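The values are calculated or read from the model by the stated rules, or taken from the named source; none is laboratory data. Bear in mind the structure is a predicted one, so any value in this text is a computation, not a measurement. Cβ coordinates were reconstructed from backbone atoms using ideal geometry, including for glycine residues, and neighbour counts include every protein chain displayed. Ligands, DNA and RNA are excluded from the accessible area calculation, which covers all protein heavy atoms including side chains. Shrake-Rupley method; radii C 1.70, N 1.55, O 1.52, S 1.80 Å.
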Amino acid sequence: MSDKATLEINGEKYEFPLITGSENEVAIDVKALRGATGGVITIDPGYKNTGSCESAITFLDGEKGILRYRGYSIEELAEKADFLEVAYLLIFGELPNQEELDKFHEDIKSHAIVDDDIKKILDAFPKSAHPMGVLASLTSALTAFNPTSVDVNSDEDMYNAIVRILGKFPVLVAWAMRKKHGLPLDYGDNSLGYVENVLKMMFKNPTSDYEQNPILVNALDKLLILHADHEQNCSTSTVRITGSSHAGLFVSLAAGISALWGPLHGGANQAVLEMLEAIREDGGDTKKYMAKAKDKSDPFRLMGFGHRVYKNFDPRAKIIKVAADEVLGDLGVEDPILDIAKGLEKEALEDQYFVDRKLYPNVDFYSGIIYRAMGIPTEMFTVMFALGRLPGWIAQWREMRLRKEPIGRPRQLYTGETYRPFKSIDKR
Ligand code: CMC
């Protein structure tokens, strides 16, 4: 294969290098395009064909349904690793040995307290506030109580910022939920594992001890691993582009949380459950909702279906579907919504509209059913996604800064008015 791409504009030929990734993906390097052509740019709304960076963190093949973190398959990681090991792997590039993992956890625990004044900020939110908005605000507010900038040239500075946010974030997650439910705001328990501690902080009742349920711990561990990174998705790109202006880590993460909130991205897990609930309340007629999803005059979409990159099964959805059956079985929960979801999936996979467009269930289709069985309120689902995605955002932010990427600043094709003289107000 040639190592160059040729572009012809108005009879003039330009050559651009082809670059190849470690899995043989090919990209045309158009860095020199504007300069060489005297101002021509590419346009690609939604960046469907545009690589924003080179990255060594996550590999995804949407046609084959492959997802790997640092070379390790998502299937193996979900089965054999725990969330903190995966976080370490994503951020630092290698699986930790026991000593490294223990130190990482100790360092995170030593930062597992947020300034108590954060409670005052939380107090000012109405109970009706969506926890994603609260989480984004509090994450941003952390900058007011902690060093705001990180010297990215100092490994120590970088490491400290990372363990600090990994320690404090679960506290904010738990508080965002407890505030909504009128429960006292408490801190965690350093004798526990990372995921066990998250569950205790979320669910501990003020009048009784919290008993760990290994089924819940395993289920959450797996869900967090499955959400931990997904290369250059909307929220991750937001984190990278925010950080590219050299804004600090915490505010870059806060920007990512806001991007994740939308129903086309992480907010889909809440939207899926609300959709399934609506179908159930409407008598369980899945065919009616299939027809709505296919009707171009109806804005309704089958939430939890389709993906920008996967044109095959989302490998995370496969794992989560099996996990949903296991967790509900282990917990002895019978949820009619699981049957509706399975019915909808079956119909969609056999439907020509979905087949033609290669629309498969994505990670969000079954995750909400597990969260619900675990007792996690619906409006917290996207917050749980954010907790899982945190190491991925951190890893991507770190990579972007270490690679000294330039500030993110796309071009545009202007389609507005050309010059026109100013019209005084009496002439308009
Ligand atoms: N239901 C019905 N039709 C759909 C759906 C859906 N869920 N998703 C895509 N389509 C149709 C769409 O109408 C279009 O049809 P046509 O070619 O006739 O105009 C075609 O499929 C391609 O869709 P698109 O919107 O151009 O694809 P995209 O890559 O821009 O969007 C998506 C990807 C995930 C935003 C979209 O599939 C969607 O809105 N899905 C529902 C929301 C959802 O589940 N989001 C979670 C994504 S996975 C987790 C995450 O990213 O956080």
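In table form, for the structure just shown:
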{"quantity": "Reachable aspartates and glutamates, given that their alpha-carbon falls under 15 Å from the alpha-carbon of K358 and they are not under 8 places away in the same chain", "calculated": "D61, E63, D314, E345, E347, E350"}
{"quantity": "Positive-pole candidate from L84, M158, T236, dipole of the chain, charges at beta carbon", "calculated": "T236"}
{"quantity": "Computed Rg/Rh of segment 87-205, alpha carbon atoms with Kirkwood Rh", "calculated": "0.99"}
{"quantity": "J(HN,Hα) series, segment 421-428, from Karplus relation 6.51 cos²θ - 1.76 cosθ + 1.60, nearest Hz, glycine and proline x", "calculated": "x, 4, 9, 5, 4, 6, 9, 8"}
{"quantity": "Taking N as its residue count, the alpha carbon Rg of the chain over 2.2 N^0.38 Å", "calculated": "1.06"}
{"quantity": "Length gained when the stretch Q352-I43 is fully extended (0.36 nm per residue, less Cα-Cα span)", "calculated": "108.1 nm"}
{"quantity": "Fraction of accessible area attributable to carbon and sulfur, segment 237-330 (%, probe 1.4 Å)", "calculated": "54 percent"}
{"quantity": "Estimated FRET transfer efficiency (T6, K80; beta-carbon r; R0 56 Å; 0.05)", "calculated": "0.75"}
{"quantity": "Contour excess over end-to-end distance, with Cα ends at E23 and K423 and 0.36 nm allotted per residue", "calculated": "138.2 nm"}
{"quantity": "Dipole magnitude of segment 130-220, debye to nearest 20 (Cβ charges: Lys/Arg +1, Asp/Glu -1, about Cα centre)", "calculated": "500 debye"}
{"quantity": "Farthest positive-ward along segment 280-342 dipole, Cα basis, beta-carbon charges - from Y289, A324, I340", "calculated": "Y289"}
{"quantity": "Under the Karplus curve 6.51 cos²θ - 1.76 cosθ + 1.60, θ = phi - 60°, whole-Hz ³J(HN,Hα) for segment 192-198, x wherever Gly or Pro sits", "calculated": "9, x, 4, 6, 4, 5, 4"}
{"quantity": "Restricting segment 95-167 to trypsin sites (Lys or Arg not before Pro) in coil, as DSSP defines it, with at most 12 other Cβ within 10 Å", "calculated": "K127"}
{"quantity": "Sparse-neighbourhood loop sites, chymotrypsin sites (Phe, Trp or Tyr not before Pro) in segment 178-281 - DSSP loop, at most 15 other Cβ within 10 angstrom", "calculated": "Y187, Y210"}
{"quantity": "Spin-label pair A32/K288, simplified geometry with 7 Å Cα→Cβ offset, distance in nm", "calculated": "6.2 nm"}
{"quantity": "Residue-averaged [θ]222 nm for the chain, counting only DSSP H segments that reach four residues, each worth -39500 (n - 2.57)", "calculated": "-15500 deg cm²/dmol"}
{"quantity": "Counted charge near F381, where neighbours are those whose Cβ lies closer than 14 Å (Asp, Glu -1; Lys, Arg +1)", "calculated": "-1"}
{"quantity": "Net dipole in debye of the chain [+1 Lys, Arg Cβ; -1 Asp, Glu Cβ; about Cα centre; nearest 20]", "calculated": "1940 debye"}
{"quantity": "Cross-link pairs beyond the 31 Å C-alpha cut-off, checked among K13/K296; K31/K423; K180/K294; K64/K292; K287/K318; K179/K292", "calculated": "K13/K296; K31/K423; K180/K294; K179/K292"}
{"quantity": "In segment 342-428, the GluC sites (Glu not before Pro) that fall in loop regions by DSSP, at most 10 other Cβ within 10 Å", "calculated": "E417"}
